[in-house]
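K.L.:
Here you go, one structure.
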Amino acid sequence: MCGIIGYVGREDSPRPLAVAIEALTRLQYRGYDSAGVVVANAAGLAFAKKAGKLEVLEAELEAHPLPLATAAIGHTRWATHGGPTDVNAHPHLSEDGSVAVVHNGIIENHEVLRLELAEAGVQFRSQTDTEVAAHLLARALVEEGNLPDAMRAVARRLEGAFTLLAVARENPRLVVGARRTSPLVVGLGDGENFLGSDVAAFIASTNRALELGQDQVVTITPETVVVTDFFGQPVTPRQYTVDWDASAAVKGGYPTFMDKEIHDQPDAVRDTLLGRLTPAGLLTLDELHVSEALLRSVDKIVVIACGTASYAGTVAKYAIEHWCRIPTEVALAHEFRYSDPVVNEKTLVVAVSQSGETMDTIMAIRHAREQGAKVVAVVNTMGSTIARESDAALYTHAGPEVAVASTKAFLAQITATYLLGLYLAQLRGTMFPDEVRAVLDELTAMPAKVQQVIDGEDSIRELATSMKDVESVLYLGRHVGFPVAMEGALKLKELAYIHAEGFAAGELKHGPIALIDEGQAVFVIVPSPRSRSVLHDKILSNIQEVRARGARTLVVAEEGDTAVAEYAERVFWVPPTPTLLAPLVAVVPLQIFACALATAKGLDVDQPRNLAKSVTVE
Ligand code: F6R
């Protein structure tokens, strides 16, 4: 959702605006419908803001250039309060033009504050919740005499989740930020400093970053970074080095980020395994700062996540229960908190998230910890809220995922949760060391197998293009193939805006089979014939059931599975893989299919309509 950049440098120059536009370009992936910037110099504040894509703002800046400046703040907005219009776009300025703010999150008490300000004579220009912050800040600035104190005073009055950045006419060499729950990180430069809603905002300039905690205010000047709590007590933030390089977030010759990220998947799996196997092939998870005694005493695991991450968690459930014999549930993070979940000191909660900023997941983590559970985050973004608020963070090393719909993060999440499962099995003795070793060897072989599926992409693309007018596609799977079916359907909905549903194949006869009609397209994820053969036999029956009712059967199956061929209109072969690891290869044709079909329809696969990459509101 909203992307934020703040910058301050030493002298008037074009750099503040250039940094802001570069950052907003990199933050586009979060999803947005308007954008704006404000620059500050000794003469005051100047701004531009426009509904629509960044190009609209850039055209406006070309027609009406902004002056050279020392500081800038910029924003991409994903509308919540007030439609996506020029007026509602950020920045918002106070009535007297002395202060400008950009904001991510929702100010929950904005109506009360708006009423109070209106009674004091303030004329509102927009329908946003944000505008109250601009007016409150201008008033607090008069009372407090400086922007950092004014920001602290205002932050104390705001309810909800917010990141606020502000610049003021009175000091153009200073940018102030406040954060409660919504994300904000500091980038450290030489003679310049940055604030961003994530590191992508400033990665082109620096990889040195500071983590900010809850309810903190940060003041940056070209030479200094000062962090306090909302009451002015100093805080020492943790510094870290971002291990993503700036080039990782560019398309690298692919037509879209989605194409690139699908092709990044062998590396995502490889890098997530890296450093976690000793030369002797044993598993080490140094970052798992949860005591071995506690991990031994755990009697239940609950995976919390949303969307694609929840499907990765569902895949992991099958593996963890099989390897560790620990009952494992998967809960959608937004349902978890309200379902009165039974969690306690003996529960291990595994929170899975690419962005590390999904508000539903953050709230579920807080709830679980309040009940005494330990939380391990499986997360892709260093320094993110979920990484910081969990007891331990097990990073997936997928690199930056820019396309809004998740692909490589899914494979990395399966890999990391599997490592966690194997580690628990090793620790609790539910697997022999040589059994753990055998799975690790198989995991190490997976990047090459994923590559093999990607290499066969032409036939999937050709099918997808021929099906660009399809109205509905169903996906069937059993066991670990079930969450793969769900993920395949989600990708098609998100990217191609086509009705798609994933089912557990056994459920078909309990209702969904009524949907099967002449020509209905059905993808079926077939487990290895070498797996429990009963699973394989059952899914063959399901293929026949839908085919007998006129369905087009599109099958993902293991090479050499001769039994499926006669019931399938098309087969997409994946290399032989142990049953539990099969999702890592089986999902790839489904991702390519959705991406290619959406492209054939002329849709923007990187930024599908209505979606945001980081869902930072509940
Ligand atoms: C689907 C997708 C979403 C996310 C979900 C969780 O393609 O991207 O379903 O998986 O919003 O996001 P994270 O993993 O960032 O917590």
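The values are calculated or read from the model by the stated rules, or taken from the named source; none is laboratory data. What you see is a predicted model; the values in this text were computed from it and never measured. Positions of Cβ are backbone-derived with ideal geometry, glycine not excepted, and every protein chain shown enters the neighbour counts. Protein only, heavy atoms only, side chains kept; ligands, DNA and RNA dropped before computing areas. Shrake-Rupley method; radii C 1.70, N 1.55, O 1.52, S 1.80 Å.
K.L.:
Looking only at residues that are farther than 18 Å from residue 21 by Cα and open to solvent by 10 Å² or more (accessible area, probe 1.4 Å) in region 186-213, which one is farthest from the chain's Cα centre (by Cα)? Show your work before the answer.
P.N.:
As a first pass, look at region 186-213 and keep what is farther than 18 Å from residue 21 by Cα: 188, 190-191, 207-213.
Still in the running and open to solvent by 10 Å² or more (accessible area, probe 1.4 Å): 188, 190-191, 207-208, 210-211, 213.
Numbers: 188: 24, 190: 30, 191: 32, 207: 20, 208: 21, 210: 20, 211: 18, 213: 19 Å.
Residue satisfying both the conditions and the ranking: 191.
K.L.:
Looking only at helices (runs of 4 or more DSSP H) that lie completely in region 359-477, which have at least 1 residues being more than 16 Å from the ligand (Cβ to nearest atom)?
P.N.:
Working: elements: 359-370, 385-389, 408-428, 433-455, 457-466.
So the answer is 359-370, 408-428, 433-455, 457-466.
K.L.:
Return yes or no: is residue 574 of a type outside the set (Gly, Ala, Ser) and within 16 Å of the ligand (Cβ to nearest atom)?
P.N.:
Numbers: of a type outside the set (Gly, Ala, Ser): yes; within 16 Å of the ligand (Cβ to nearest atom): no.
It is false that residue 574 is of a type outside the set (Gly, Ala, Ser) and within 16 Å of the ligand (Cβ to nearest atom).
K.L.:
Output the number of the condition that residue 513 fails; it satisfies all remaining conditions of (1) surrounded by 21 or more Cβ atoms within 10 Å (Cβ to Cβ); (2) of a type outside the set (Gly, Ala, Ser); (3) over 27 Å from the mean Cα position of the chain (by Cα).
P.N.:
Only one criterion in (1) surrounded by 21 or more Cβ atoms within 10 Å (Cβ to Cβ); (2) of a type outside the set (Gly, Ala, Ser); (3) over 27 Å from the mean Cα position of the chain (by Cα) is unmet by residue 513, namely (1).
K.L.:
Tally time: how many residues in region 478-490 are part of a helix (DSSP H, G or I) and under 23 Å from residue 270 (Cα atoms)?
P.N.:
Going through region 478-490, the residues part of a helix (DSSP H, G or I) turn out to be 481-490.
Add one more test, that the residue is under 23 Å from residue 270 (Cα atoms), and what stays is 481, 483-484, 487-488.
Within region 478-490, residues that are part of a helix (DSSP H, G or I) and under 23 Å from residue 270 (Cα atoms) number 5.
K.L.:
Then there is this: Within region 522-538, which residues are of a type in the set (A, V, I, L, M, F, W, C) and either modelled with pLDDT under 95 or surrounded by fewer than 22 Cβ atoms within 10 Å (Cβ to Cβ) (or both)?
P.N.:
Of the residues in region 522-538, the ones of a type in the set (A, V, I, L, M, F, W, C) are 522-526, 534-535.
Result: 534, 535.
K.L.:
Here's a follow-up. Look at region 608-617 and say how many of its residues are open to solvent by 40 Å² or more (accessible area, probe 1.4 Å) and within 12 Å of the ligand (Cβ to nearest atom). Don't jump to the end; show me each part of the working.
P.N.:
First, the residues of region 608-617 that are open to solvent by 40 Å² or more (accessible area, probe 1.4 Å): 609-611, 615.
Retained after the next criterion (residues that are within 12 Å of the ligand (Cβ to nearest atom)): 611, 615.
Qualifying residue count, region 608-617: 2.
K.L.:
Now a separate question. Could you identify the single residue in 153, 161, 178 that is in the same structural domain as residue 220 (by TED's automatic domain parsing), open to solvent by less than 10 Å² (accessible area, probe 1.4 Å) and under 30 Å from residue 383 (Cβ atoms)? Before you say what the answer is, go through the steps one by one.
P.N.:
On the way: 153 fails: open to solvent by less than 10 Å² (accessible area, probe 1.4 Å); 161 fails: open to solvent by less than 10 Å² (accessible area, probe 1.4 Å).
Checking each option against the conditions leaves just 178.
K.L.:
Looking only at region 596-607, filter to residues that are within 14 Å of the ligand (Cβ to nearest atom) and open to solvent by less than 20 Å² (accessible area, probe 1.4 Å); which one of those is farthest from residue 405 (Cα to Cα)? Please lay out each step first, then the result.
P.N.:
Residues of region 596-607 that are within 14 Å of the ligand (Cβ to nearest atom), as a first pass: 598, 605-607.
Pick out the ones that are also open to solvent by less than 20 Å² (accessible area, probe 1.4 Å) and you get 598, 605-606.
On the way: 598: 12, 605: 8, 606: 7 Å.
Taking the candidates together, the pick is 598.
K.L.:
Could you run through region 303-335 and say how many residues are within 16 Å of the ligand (Cβ to nearest atom) and more than 12 Å from residue 487 (Cα to Cα)?
P.N.:
Initial filter on region 303-335 (within 16 Å of the ligand (Cβ to nearest atom)): 303-316, 330-335.
Cutting the leftovers down to more than 12 Å from residue 487 (Cα to Cα) gives us 303-305, 316, 330-335.
The number of residues fulfilling the criteria is 10.
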